[in-house]
Structures are given as C-alpha cells and as structure tokens.
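The values are calculated or read from the model by the stated rules, or taken from the named source; none is laboratory data. Here the structure is a predicted model, which means the values were calculated and not measured. So basically every Cβ, Gly included, is an ideal-geometry build from the backbone, and we count neighbours across all protein chains shown. Just the protein is used for accessible areas: all its heavy atoms, side chains included, with ligands, DNA and RNA removed. Shrake-Rupley method; radii C 1.70, N 1.55, O 1.52, S 1.80 Å.
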Amino acid sequence: MAVIELSNIRKSFGSLNIIGGVDLRIEDGEFVIFVGPSGSGKSTLLRLVAGLEEVTSGNILIDGEDVTDLGPADRSLSMVFQSYALYPHKTVRGNMAFGLEVARTPKAEIERRVQAAAASLRLETYLDRKPKELSGGQRQRVAIGRAIVRDPVAFLFDEPLSNLDAALRAEMRIEIAKLHQRLGATMIYVTHDQVEAMTLADKIVVLKDGAIQQVGSPIDLYERPANLFVAQFLGSPKMNVFDAAHVNGGLRIAGTGHLGLPSAQADIAKVGARPENITVAAAGQGNIDGKVDVVERLGSDTYAYIALGEGELVTVRLPGNARLSVGETVGLVLDMAELHLFDAEGKAWRRFSRDLA
Ligand code: ADP
Ligand code: MG
C-alpha cells in the first residue's frame, strides 16, 4: 500500500527537456492512469517513479519517505511492461518464482505466493507450461503474476496490453480492473488508449509534451475538460470543434444562426460539441443544415459524418437503427446545454449549462 507524491519533477535528456515540472499526489489504493499521445513523456514519468531513470530535479516520496535517490530495487515497486520478456525455457511457475528465488525467499513461501498469484490470474492449470505454450493474454498474465508475487507497495504498468489483439485487450482490461479491486493496491498505468484510461482509472492524468494538462476522474475530464486538448483526446469519436464568430452579443458557429450563447464575458473562439450531443432533424429544422457524407453502422450506434458548407465534417452519434442515407441533406440540432466553450488559447470556459444556473 502506498501514497506516491511527485513534487516539481523535471527530466532532461541532454539539452532536451522531456518532463517539465510535474506535481502529483497518488492516493493509497488508487488506480491512476497516465494518458497522452506517443512521445508525451508517459513512460519517462513512470520510469522516474520506478527509479529506472534519475530525476533532473524534484522529489519523489513513497509513504512520506523520500526515495528520489534510491535505486529501483529499494522502492518496493513492481513494473509490468508491454513486452512481457518471460524466460522461454522456464515454466510459468519458474518465471513467477524467479525473482523470489534470487532474493532467497524460503521455498514454501515462494510456492504459497505463486499459487495465490496464479489463482487470482486464473493460471493455476498452466503452471507447468512454457511461455510458447501460452496465448499472448496468458503470457501477459504471467508477467503480471511475476509482479504480484513480489508483494510490491505499488504496481507500475507501461502499456501492458498494447501487444494484444482488440478482443484480448478488452478481456484483459476487465481482468486488470478485477485485479485492482481484489488487491486494493496503488497502481500507475500508462497508456495512449483513451478507452483504457476512461474505463480503468480512478484518476486520469492527461500528459502532453511532458506537462500535465488535467487531473481528475474519467467523468470529470469527459464532462469538464480544462482545455481543447483534453476535450479532443478523451472521447471516441472525438469532440467536434467549431470556430465561433461573435454576433450581437451571442455566437454563431459554422454558418449557424444566432446561438445566443454568452460571448460578451469572454473571448470565446471555439465551440465544442460531442457527437452524442448533436441530433439530426429534417433539413431546415436544426441549427444548421449539412449533407450526409458517410454513414458507419456499428449495430449499437450509427456514426454519421455530415459535411457543412465549407466541407467541414461534423460527427454525429445516432442510434443503431437511425434512418439516414448518404447524400441526404439534414438539419443538425445542437444540445445547447452540453456545448463546450474555449478561448483562443484553447482554455475551456465554464460549460454553458452551468453558466445559465
Ligand atoms: P511516451 O511514453 O509518452 O510515448 P516517452 O516518455 O517514451 O513518451 O518519451 C518522451 C520523449 O522523451 C520522447 O520525445 C522521447 O524521444 C524522449 N526520450 C525518452 N527517453 C529518452 C532517452 N533515453 N534519451 C533521449 N530522449 C529520450
Ligand atoms: Mg511509452
């Protein structure tokens, strides 16, 4: 169990500043996800916590103890990587036991821990198999088992599911969620996949260019993104963003009529609408007309891509059985209470619905 505190963490490689002053507190038992595009510094930040990289400046505390100058072995953390790197000639049992054998843990204790980890990962019947006799998902479970037997104060995961196919990834996501519920351990999990972030995290940390963009619960971040980057990074399909023009104390976007949103108070430059907050009506009956360009039927949902005058595509999420055909002109109806407003720097303004209250 561990509280992990990062204070003003900076990391440079030569003259490159990769992490630019990160402050973060991770609570005991919390499942925290670092999410961001490739190259945003997620792995570097995790490796700094693990002690695999040295900080350029700043401090790392685990349960109040300053571990900044301790090596990885002295931090009582376990790390699971994307490449599971199992010993091919050892069995599942041998792979899980190896670290404990090196640490001269008594045999009976090793066996007890391996059995417990195998049970929690549904690997009991595979203990005598070699890695090549396992599926990718099972191999990744062995790698997680290897971390569990060490009984760490916290688990660090770096894109552990990225090598798995989509179906296995979804299955393992649920396994990891259950594992967290069962162990109640502090977990830091790095991913570029916003679905993993939304579904697994107690707390999401969105990174861009080595800087934290926002920290909060998945729904917080989805409903109240602090800026355009977070707004468009979380959510699939992503949020539609329109340039806003100011007219008569209100706003117009993409050739709509007067939307009546408050504009006098702030320099609102962009308006965002999530695909589920736009519906379609007959032509002329919405805020703006558009021509249906592509229709994707997913069964449960329909995604319609609708071209506005300037060729700009708007994504709309509709029910699976929505009646809509390519080439048809429809009216788009924006849910005013759910629009997001941003200034010229991309900083979010308060949500319109809250502004009315
Ligand atoms: P992410 O995990 O978010 O994809 P990384 O933390 O791996 O990002 O990398 C962040 C940036 O730091 C990248 O631009 C990468 O090239 C750079 N970087 C990472 N490790 C090193 C290193 N050892 N030397 C130089 N640059 C590095
Ligand atoms: Mg990475």
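Take the Cα of Ala281, step 7 Å toward its Cβ, do the same at Glu111, and the gap between the two points is 7.3 nm. Computed over neighbours whose Cβ is under 10 Å from that of His192, the net charge equals -2, Lys and Arg +1, Asp and Glu -1. The relative contact order of the range 220-272 comes to 27 percent, based on Cα pairs under 8 Å that sit 6 or more residues apart. Checking the cross-link pairs Lys11/Lys203; Lys90/Lys203; Lys130/Lys178; Lys11/Lys270; Lys11/Lys238; Lys42/Lys178 against a 29 Å limit on the alpha carbon distance flags Lys90/Lys203; Lys11/Lys270; Lys11/Lys238 as lying beyond it. Each peptide in 281-288, 154-161, 111-118, 295-302 gets a packing score, the mean of other Cβ atoms within 10 Å over its residues, and the list from highest to lowest is 154-161, 111-118, 281-288, 295-302. Averaged over its residues, the range 240-356 has an accessible area of 48 Å² per residue, based on protein heavy atoms and a 1.4 Å probe. DSSP finds beta bridges in the chain, and of those with both partners inside it, around 75 percent are antiparallel.
Cα centroids of the range 203-222 and the range 126-183: 25 Å apart.
The helix-based estimate of mean residue ellipticity at 222 nm for the chain, built from -39,500 (n - 2.57) per DSSP H run of four or more residues and divided by its residue count, is -7500 deg cm²/dmol to the nearest 500.
Distant-in-sequence amide contacts of Asn240, defined by a placed amide H-H separation under 5 Å and a gap of 5 or more residues or a different chain, comprise Ala273, Arg274.
How much of the accessible area of the chain, probe 1.4 Å, is carbon plus sulfur, in whole percent? On the chain, the fraction of accessible area on carbon and sulfur atoms equals 48 percent.
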